[in-house]
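Structure, as structure tokens:
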Amino acid sequence: MHAEFHPGHLVMVDIEGTSLTAETAAFLRRHRIRAVCLFRRNLGTEAEVRKLCTDLREVLGPSALIAIDQEGGSVNRFTALPHATGAMAIGAIADIAEAEALAEATGAAVARGLIGLGINWNLAPVLDVNNNPANPVIGERSFGADPHRVARLAAAWMRGSLKEGVACCLKHFPGHGDTHVDSHHALPTVDKSLEELEALELIPFRAIGPDAPAVMTAHIVYPQLDPQHPATLSHRVLTGLLRQDMGYGGVVLTDALMMKAIHERYGHARAAVLTLQAGADMPLAQGLPQEQAAAVQAIELALREGELLPEQVQRSAARLDALAARFPATPRPYAPEQRTADEALARDGWRRGLTALAGALPPTSGTRLRVLTQARVDCDGVSEAGLEGAAVRALFALDADVEMLLVEDLTSFDFGTLPDDGRMLVLVSNHRKRYPVAAATWQPALHIALWNPFQVLDVPAPSLVSWGYAEGALEAVTDWLAGRLQATGVAPVELVPPVR
């Protein structure tokens, strides 16, 4: 084995705080870590993030990998950068050539913002085909339900990012779109045969995988492929299917091992070894410092005891070295005029994706409105916090007579308590959860879905879908309500509101 190799080279960790403390720096050096994933708690001002990345490069060394989840839409860790159009909003642009052009430009814009800070690895785009309306964690993060269209749009997004010098990571292999369980909280199962996966989930991975520098694994059990192990820990899935059958030679990164689907069953240390045995190159050992250290030490012990072979981890280290060499974490200036153009691109994308369903029309001038929405939508650990109920009022800027009704939980609201006083009822869904069966009896005159598009399947009403709640998406909704914008998007997933 190469003299410079250390098990810590294979492990990605997270850190605390918006600056690199002496204690954290010593930990990273001691364990020879070269990859760090940044999360919201690390992201202060732009100057602070730039300084943090500079300090990380100093500690991690010349092959530093500094990663982030900057998908755009609802998963957009650093909100100070232009808030990129989300995947499903791009997918809602009917003309595929126009959608591809926007996807490529968006991937490039996101990358320019990140490399301007010194971040060289974006854990995006999402390649999952969202064909399950009950999916609690993918939804609008997917480009849609057509696997061929998903492949084309994700490929374009990836081209834009790579052109600007930021590595991508296709996620989540072999597909997280057809689940009704969030792997952050439990272990999902997708009981499909290989033939069924080949007909849907694997189409995008086969189409664009050869050009992808990295792929992220899914914490999902596919019992017809491997009844014992989730894909992240499955030799049959990662080596048999991805490496051997599909011929993938890039970096395989795990989803976070601290997610309950893995952590509660295996823990950091054992999972780190199992995923390397399965064919992954880098476990994402997010967690407490002692858990991160345990992952590194477990790999070291597995090498000593022969559970991991030297040549196996050397191949992984070489893949990661190549990734870092191709995409150095050296910041490049982000020119103010380019940033302004990227902000305009995002706003234009959100406007072009805006979609009206079931004949939805804005209220006519002078209509007395009652707007029902949820008071607070906290961060769920994956997506950013939803739009505050108080901010929903701004969407109706031109309507003088608006009564706002802010409730604690829209999914349990009793519509029977609403007065029958002639006001037009507008339901604004600013949260992610689907509605209960009882929603089929609700009768708002207009439903505006700001986050989860599949909520329109629950409520019998003309609907407007924004595919997200970024500033550009909210501007588009405001302009539509004011009659200044037509909603020209076409849903890239099946969305037919129930008939009253």
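The values are calculated or read from the model by the stated rules, or taken from the named source; none is laboratory data. Predicted model, so just to flag it, every value in this text is computed and none were measured. Here the Cβ is made from the backbone with ideal geometry for all residues, glycine too, and neighbour counts use every protein chain on show.
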What number of residues within the stretch 102-124 are touching a helix residue (DSSP H, G or I) at 6+ places or on another chain (Cβ under 9 Å) and assigned to a loop (DSSP other than H, G, I, E, B)? 6
Which numbered condition Ala461 misses (of (1) part of a loop (DSSP other than H, G, I, E, B); (2) touching a helix residue (DSSP H, G or I) at 6+ places or on another chain (Cβ under 8 Å); (3) crowded, with 19+ Cβ neighbours inside 10 Å): (2)
Which count do you get for residues in the stretch 100-134 that are modelled with pLDDT under 95 and surrounded by fewer than 24 Cβ atoms within 10 Å (Cβ to Cβ)? 4
For the stretch 271-288, enumerate the residues that are within 19 Å of Glu23 (Cα to Cα) and either modelled with pLDDT of 95 or more or crowded, with 24+ Cβ neighbours inside 10 Å (or both). Ala285
Residues that are of a type in the set (D, E, K, R) and at pLDDT below 95, at least 2 per element: which strands (runs of 3 or more DSSP E) completely within the stretch 9-73 meet that? none
Kindly provide the set of residues from the stretch 397-415 that are in a loop (DSSP other than H, G, I, E, B), surrounded by fewer than 16 Cβ atoms within 10 Å (Cβ to Cβ) and among the hydrophobic types (A, V, I, L, M, F, W, C), ordered by number. Ala397, Leu398, Ala400
Among (1) touching a helix residue (DSSP H, G or I) at 6+ places or on another chain (Cβ under 6 Å); (2) of a type outside the set (Phe, Trp, Tyr); (3) in a loop (DSSP other than H, G, I, E, B) - the single one Ala94 does not satisfy: (1)
In the stretch 86-104, what residues are touching a strand residue (DSSP E or B) at 6+ places or on another chain (Cβ under 6 Å) and β-branched (Val, Ile, Thr)? none
Checking Ala329 against (1) assigned to a loop (DSSP other than H, G, I, E, B); (2) surrounded by fewer than 21 Cβ atoms within 10 Å (Cβ to Cβ); (3) of a type in the set (Gly, Ala, Ser), which test does it fail? (2)
Hits in the stretch 426-440 (condition: surrounded by fewer than 19 Cβ atoms within 10 Å (Cβ to Cβ) and outside any loop (DSSP other than H, G, I, E, B)): Val437, Ala438, Ala440
